[in-house]
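Notes for the one structure printed next.
The values are calculated or read from the model by the stated rules, or taken from the named source; none is laboratory data. For clarity, every value in this text was computed on a predicted model and none was experimentally measured. Glycine also receives a Cβ, built like all others from the backbone with ideal geometry; neighbour counts cover every protein chain displayed. Calculation scope for accessible area: heavy atoms of the full protein, side chains included, ligands and nucleic acids excluded. Shrake-Rupley method; radii C 1.70, N 1.55, O 1.52, S 1.80 Å.
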Amino acid sequence: MKYEDTVLPIMRKTREMLLSNWGKAKAVNQKTDSAWSVVTQLDIDVETFVMSELARIHPDIEFVGEERG
């Protein structure tokens, strides 16, 4: 299994998700009082997508994300 055939397509799709929503993401949560701790639905969607896609190609992978842990 090659990186170019497995992980790279996931990262390319992630890039598409992010770029197509540039400047449009709405905050759904805030971790602290800091303006930098905003969580958007896009943050959650991207993290969920990456986690599920990596688990699909590597079922034994452990994933720790910023938004969901």
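Filtering segment 1-28 to residues that are within 11 Å of Leu42 (Cβ to Cβ) and among the charged types (D, E, K, R) leaves Lys24, Lys26. Contact annotation: residue pairs with Cβ atoms under 7 Å, 6 or more positions apart or on different chains, pairing a residue in segment 36-61 that is closer than 14 Å to Leu8 by Cα with a partner that is part of a helix (DSSP H, G or I) and open to solvent by less than 40 Å² (accessible area, probe 1.4 Å), are Phe49/Thr14; Phe49/Met17; Val50/Ile10; Val50/Thr14; Glu53/Ile10; Leu54/Ile10; Ile57/Thr6. Taking residues in segment 6-33 that are more than 20 Å from Met51 (Cβ to Cβ), and partners anywhere that are in a helix (DSSP H, G or I), the pairs with Cβ atoms closer than 6 Å and at least 6 places apart or on different chains are Gln30/Ser37. Residues in segment 4-43 that are assigned to a helix (DSSP H, G or I), of a type in the set (A, V, I, L, M, F, W, C) and open to solvent by less than 50 Å² (accessible area, probe 1.4 Å): Val7, Leu8, Ile10, Met17, Leu42.
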